[in-house]
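Data first, discussion second: the structure below is written as C-alpha cells.
The values are calculated or read from the model by the stated rules, or taken from the named source; none is laboratory data. Please read these numbers as outputs of a predicted model, since none were measured by experiment. Cβ coordinates were reconstructed from backbone atoms using ideal geometry, including for glycine residues, and neighbour counts include every protein chain displayed.
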Amino acid sequence: MIRARCHPKLRALLPEPVPAAGALPDWLKSMPSEVAAPTLGGAAVRTLKHCPPVIDALSLGVLIPLATDITVADGEMSWHWDPPILEDALISRAPLGLHVPEQASGVPLRLACNAVVKFMNFWTLQVPDGFSLLFTHPLNREDLPFRTLSGVVDCDLFGDGYVHFPALWVDPGFEGVLPRGTPVAQVFALPRAAQGLEIGQMTEAEIARNREMQRDLAENRGVYRRKFRH
C-alpha cells in the first residue's frame, strides 16, 4: 500500500496520484485489435493490444501527475499557476525545476534542451517498513516528450519528504501544452530484502514442460492470458 498525502492548502489544486490500471493511455484504447501486415502479404496480425505483458506493465503501480499545465514555446517552458504560500512548509511553488547540464557531466544522457528538467512533486509517499519505492518513466509511454530518470527511495524512512523527478526532454521539436495530470512518473513498492539469483541448466522434466508450453503458445490463442496470468 502506497500512502499519498499533500498539504491541506494544496488539496483542491492538485491532481491526485492514481492507480495506473485506471489511467491507461488513450492511444492504447484507440489502437485496433488487428491490422493488415504488408510484410506478410496483407495477412491480419494482432497488435500490442493483445499483449498481456505490455498491458500489465502499463497497469502496474501508481502514476504521479503533473501539477499544472506547462507551456512549451520558442525553447522556453512556462506556466500560469499561483498556489498559496505555505508558511509552514518548505517546498517550491513552481511545478518545474531545472538541473544545469554540468550536473550530468560524464553521464551518457541525451540532453535535447541543454538541461535536465525536474518535475516537482507535491505529494509525500509512504510505504510500510521494509519497502522502498521505485520511481521511473511511465512504462511503454514513448509518446511523452520527456524521459523521467529512474531512482529508488526508501520511503518507509523518507515518507515525510518529497521525491521529485528529474527528466530528460527528448523531443526538441515539441511545442504546445503539456497538460495538467500528465503522468510524469510511475511508482512501484518493492521489498528491500536482497533478491537472490540461481543459475543452472534445465532437467529433462523441465525441458519437457518447456516444450509443451511453447507448443501450446504456438498453436492456441490467449494461452498466456488464460493459464499463466493472475
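Candidates are the residues of the range 68-87 that are surrounded by 15 or more Cβ atoms within 10 Å (Cβ to Cβ) and touching a Lys or Arg at 6+ places or on another chain (Cβ under 7 Å); the one that is modelled with the lowest pLDDT is Pro83.
The sole residue among Ala194, Ala167, Ala205, Ala185 that is of a type in the set (Gly, Ala, Ser), at pLDDT below 95 and out of contact with any Leu (no Cβ under 7 Å at 6 or more places or on another chain) is Ala194. Scanning the range 145-174 for residues that are under 24 Å from Leu10 (Cβ atoms) and under 17 Å from the mean Cα position of the chain (by Cα) returns Phe146, Thr148, Gly151, Val153, Val163, His164, Phe165, Pro166, Ala167.
A Cβ distance below 9 Å, combined with a sequence gap of six or more or placement on separate chains, defines the contacts here; from the range 129-140, residues that are surrounded by 17 or more Cβ atoms within 10 Å (Cβ to Cβ) reach residues that are part of a strand (DSSP E or B) and among the charged types (D, E, K, R) in the pairs His137/Arg147. Taking the numbered list (1) touching a residue at least 24 places away in the same chain (Cβ under 8 Å); (2) over 17 Å from the mean Cα position of the chain (by Cα) in turn, Leu98 passes all entries but (1). Screening Ser92, Ser59, Ser33 for residues that are of a type outside the set (Val, Ile, Thr) and touching a strand residue (DSSP E or B) at 6+ places or on another chain (Cβ under 7 Å) leaves exactly one candidate, Ser33. Checked against (1) free of Cβ contacts under 8 Å to residues at least 24 places away in the same chain; (2) more than 20 Å from Pro166 (Cβ to Cβ); (3) not acidic (Asp, Glu), Leu58 passes all but condition (1).
I need the strands (runs of 3 or more DSSP E) fully contained in the range 66-160, keeping only those with at least 1 residues that are among the acidic types (Asp, Glu). Lay out the reasoning, then the answer.
Values: elements: 70-73, 76-78, 96-99, 116-119, 124-126, 131-136, 146-148, 151-153.
Correct list: 76-78.
Of all residues in the range 168-188, those satisfying the criterion of being under 24 Å from Asp82 (Cα atoms) and crowded, with 16+ Cβ neighbours inside 10 Å are Leu178, Arg180, Gly181, Thr182, Pro183, Val184, Ala185. Out of all the residues in the range 162-218, which are small (Gly, Ala, Ser), in contact (Cβ under 8 Å) with a residue 40 or more places away in the chain and not in a strand (DSSP E or B)? Gly181, Ala193, listed by residue number.
Here's the yes/no breakdown for (1) surrounded by 12 or more Cβ atoms within 10 Å (Cβ to Cβ); (2) basic (Lys, Arg); (3) not in a strand (DSSP E or B):
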site: Met1; (1), (2), (3): no, no, yes
site: Ala12; (1), (2), (3): no, no, yes
site: Glu16; (1), (2), (3): yes, no, yes
site: Leu28; (1), (2), (3): yes, no, yes
site: Ala44; (1), (2), (3): no, no, no
